Amino acid sequence: MSDILLQIENLSKRFGMVCTARELNLSFQEGVLTSIIGPNGAGKSTLVNLLSGSLAVDSGRIIFLGRDITRAPIYKRVSMGLGRSFQVVNVFPQLTVFENVEIPVLAYEGKASRFFRALSGEEKAGEEVSAVLEMVGLTPVADLVASKLSHGDQRLLEIGIALASKPRLLFLDEPTAGMNPVERVRILQNIRTLSQRGKTTFVIIEHDMDIVFSLSDRVVVLHRGDIIGDGPPEEIKANAEVREVYLGEEVLE
Amino acid sequence: MRGRWGVIAFLAWLAILLAVGLFAGRFYIYITTRIILLSIFAMGYNVLFGRTGLLSFGHASFYAMGAYALALLNLHAIQSPLLGLLVGVLSAALLALIIGFFCVRHTEIYFAMLTLAFGMMVFSLIWNIRSVTGGDDGLYGIMREPISFFGLFEIPLGTDRQFYFLVLVVFAASVWFLRRLARSPFGLILSGIRENDQRMEFAAVNIKNYRLAAFVISGAFAGLAGSLEALLESATSPFMAHWSHSAEPILVTLIGGVGSFAGPLVGSVIFLALREIIERFTENWMLWFGVILLIIIIGFRGGVMGVFSTLTGGDARTSAQGHDDHV
């Protein structure tokens with residue numbers, strides 16, 4: 001359980017004068033549920049965008065499963081097993097919930113380019129889609145168009161799409177934002193279960209401290225493009241610098 | 001308005017077309033042939049426009065490529081109509097592959113402008129290389145030889161009525177192919193690209209390849225329609241490649257409904273029938289046609305099919321499947 005999935009070496013990114021990632025060195029091990037926290041503007045989203053390929057890096061290297069993916073296109077990273085979900089709802093609005101999940105499943109199974117086969121005949125893909133929908137709890141609304149779902153259900157679908165690609169390492173960008181407490185518990189339970197099953201390693205970008213400290217094996221704290229804390233939740237809670245810049249009153253009570 | 005009704009409506013339409021072929025006079029056969037050619041052009045075009053959301057202004061060049069490839073083969077080598085159609089389609093697909101390779105890297109207005117630029121280049125090549133293309137005269141004297149099955153028996157195509165039935169068979173086969181395509185995994189991927197191309201990449205799909213495939217398929221259908229027109233007219237014209245001709249499939253798709261599988265077909269009928277009627281009353285048909293277009297585009301969002309499916313209680317844009325199932 002200690003294989004390194006993803007390694008970042010001296011990763012930097014600037015926007016004009018603002019440094020949003022400064023010589024970052026990090027590695028993510030298989031099976032270790034990690035949270036990345038930090039105040040607004042700390043560079044959390046930038047980091048995920050750099051790793052997933054939405055942003056080009058200025059310097060440094062990204063190594064995934066032993067291969068340099070620093071300049072690899074997004075679809076290649078995802079097909080290698082490096083996935084992400086989005087903070088804002090980012091689904092296929094006019095397709096049904098089923099079809100939303102079917103797209104990554106077909107791509108994963110290498111069937112996406114079949115142009116002369118009925119979609120309804122893809123039974124294996126169909127079963128896989130049903131399994132994913134069951135997991136995120138969207139089976140009852142499978143035939144609804146995604147845009148008609150409640151915000152919370154769209155967030156669940158968002159995570160379902162990300163899971164459907166069967167990622168080895170999955171970045172969840174504020175997975176519970178906009179969910180009601182029931183959905184929140186459900187999705188956290190799922191993350192914990194899936195994480196324990198060991199097929200997918202999760203990295204969560206989160207604001208909610210309760211979630212971070214109850215769920216994670218490891219917490220990474222970013223502040224203005226620097227890593228100012230990295231360790232088990234208890235150690236982070238006790239870290240003076242982290243408390244000063246970020247946690248502040250919240251843990252002091 | 002689910003799948004079965006679509007099939008029934010299509011079979012009814014085929015029956016009407018068949019009746020036209022059997023009983024109508026020469027003029028109506030000619031007009032109906034033109035309608036079917038435009039339907040093939042527009043339905044193929046909608047694989048790109050309706051499915052992936054890319055707006056091309058260059059598909060007239062693939063139409064012309066199909067026509068000129070058939071004409072050159074017919075005039076200089078073999079007169080077999082089926083071989084001519086095949087060569088026409090493959091040449092158009094090849095040209096679409098080359099042009100598409102450069103265009104699919106871009107989207108929206110950049111994509112549209114690039115296809116327009118390539119389309120203008122093709123037009124000007126056809127216009128200027130007189131020795132091959134006949135310049136502004138085009139190529140003429142294309143022979144419509146019978147379709148021969150290994151010398152065993154022959155199907156004559158000499159009259160417009162005989163040729164009409166070949167066009168009808170090609171049309172039915174095209175619709176069948178496009179419908180299969182729309183309901184395949186590939187069709188779903190294209191819908192996903194239209195809906196959210198950014199997310200598509202995060203589903204591990206290389207969207208450039210899919211855009212290119214849609215571009216080539218729509219180009220091949222443009223070539224098919226073009227080579228059929230060359231056979232129909234026994235001639236080609238450089239204006240087949242003119243950018244204004246590229247606007248035709250866009251117009252008929254907007255009239256019929258971009259979100260509907262049969263929209264381009266319905267639009268083709270309305271477009272050519274209206275034009276024929278208006279032309280009888282006035283030479284300024286473009287003016288009146290423009291007015292009617294304005295009414296349809298402003299008043300009937302989603303085209304005629306969109307309004308139709310709203311009236312019958314369906315939602316024109318429900319899902320990839322629902323969306324194909326509208327007649």
Pairs with Cβ under 8 Å, 6+ apart, first in region A:110-129 and more than 11 Å from every other protein chain (Cβ to nearest Cβ), second assigned to a loop (DSSP other than H, G, I, E, B): A:LYS124/A:GLU109; A:GLU128/A:GLU109
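Taking the options A:VAL141, A:VAL88, A:VAL145, name whichever one is within 22 Å of the chain's Cα centre (by Cα) and either at the interface with chain B (Cβ under 9 Å from one of its Cβ atoms) or without any contact (Cβ under 8 Å) to a residue 60 or more places away in the chain (or both).
Values: A:VAL141 fails: within 22 Å of the chain's Cα centre (by Cα); A:VAL145 fails: within 22 Å of the chain's Cα centre (by Cα).
Unique residue meeting the criteria: A:VAL88.
Residue-wise test of (1) within 14 Å of chain A (Cβ to nearest Cβ); (2) closer than 20 Å to B:ALA222 by Cβ; (3) within 22 Å of the chain's Cα centre (by Cα).
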site: B:GLY151; (1), (2), (3): no, no, no
site: B:PHE163; (1), (2), (3): no, yes, yes
site: B:TRP176; (1), (2), (3): yes, yes, yes
site: B:ILE189; (1), (2), (3): yes, no, yes
site: B:GLY192; (1), (2), (3): yes, no, no
site: B:ASN196; (1), (2), (3): yes, no, no
site: B:LYS208; (1), (2), (3): yes, no, no
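With respect to A:SER113, is the statement that it is in a loop (DSSP other than H, G, I, E, B) and surrounded by fewer than 22 Cβ atoms within 10 Å (Cβ to Cβ) true?
So A:SER113 fits the description; yes.
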Selection count where residues are among the small types (Gly, Ala, Ser) and either under 15 Å from B:LEU37 (Cα atoms) or touching a His at 6+ places or on another chain (Cβ under 8 Å) (or both), scope region B:264-301: 3
Contacts under 8 angstrom Cβ, first residue in region B:90-112 being touching a residue at least 60 places away in the same chain (Cβ under 8 Å), partner of a type in the set (Lys, Arg) and surrounded by 13 or more Cβ atoms within 10 Å (Cβ to Cβ), 6 or more apart: B:GLY100/B:ARG211; B:VAL104/B:LYS208; B:VAL104/B:ARG211; B:ARG105/B:LYS208
The lone exception for A:VAL220 - which of (1) at pLDDT 90 or above; (2) buried (at least 19 other Cβ atoms within 10 Å of the Cβ) it fails: (1)
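Test of understanding: among A:VAL212, A:VAL185, which residue is out of contact with any Leu (no Cβ under 6 Å at 6 or more places or on another chain) and either farther than 25 Å from A:ILE8 by Cβ or not in a helix (DSSP H, G or I) (or both)?
Details: A:VAL212 fails: either farther than 25 Å from A:ILE8 by Cβ or not in a helix (DSSP H, G or I) (or both).
The unique qualifying residue is A:VAL185.
Being aliphatic (A, V, I, L, M), within 15 Å of the chain's Cα centre (by Cα) and in a helix (DSSP H, G or I): is that true of A:VAL101 here?
Working: aliphatic (A, V, I, L, M): yes; within 15 Å of the chain's Cα centre (by Cα): no; in a helix (DSSP H, G or I): yes.
Criteria not met by A:VAL101.
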Single unsatisfied condition, A:SER59 versus (1) touching a helix residue (DSSP H, G or I) at 6+ places or on another chain (Cβ under 6 Å); (2) more than 9 Å from every other protein chain (Cβ to nearest Cβ): (1)
Number of positions in region B:178-187 that are surrounded by fewer than 24 Cβ atoms within 10 Å (Cβ to Cβ), among the aliphatic types (A, V, I, L, M) and more than 7 Å from chain A (Cβ to nearest Cβ): 1
Flag for B:SER218 being buried (at least 22 other Cβ atoms within 10 Å of the Cβ), of a type in the set (Ser, Thr, Tyr), more than 14 Å from chain A (Cβ to nearest Cβ) and touching a Ser or Thr at 6+ places or on another chain (Cβ under 8 Å): no
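Any residue in region B:105-126 that is part of a loop (DSSP other than H, G, I, E, B), within 14 Å of chain A (Cβ to nearest Cβ) and modelled with pLDDT under 90?
Residues of region B:105-126 part of a loop (DSSP other than H, G, I, E, B): B:105-107.
This time we only want the ones that are within 14 Å of chain A (Cβ to nearest Cβ), so: B:105.
Then keep just the ones that are modelled with pLDDT under 90; that gives B:105.
Yes; the residues of region B:105-126 include at least one that is part of a loop (DSSP other than H, G, I, E, B), within 14 Å of chain A (Cβ to nearest Cβ) and modelled with pLDDT under 90.
The values are calculated or read from the model by the stated rules, or taken from the named source; none is laboratory data. Predicted model, so just to flag it, every value in this text is computed and none were measured. Heads up, the Cβs are rebuilt from the backbone with ideal geometry, glycines too, and the neighbour counts pull from every protein chain shown.
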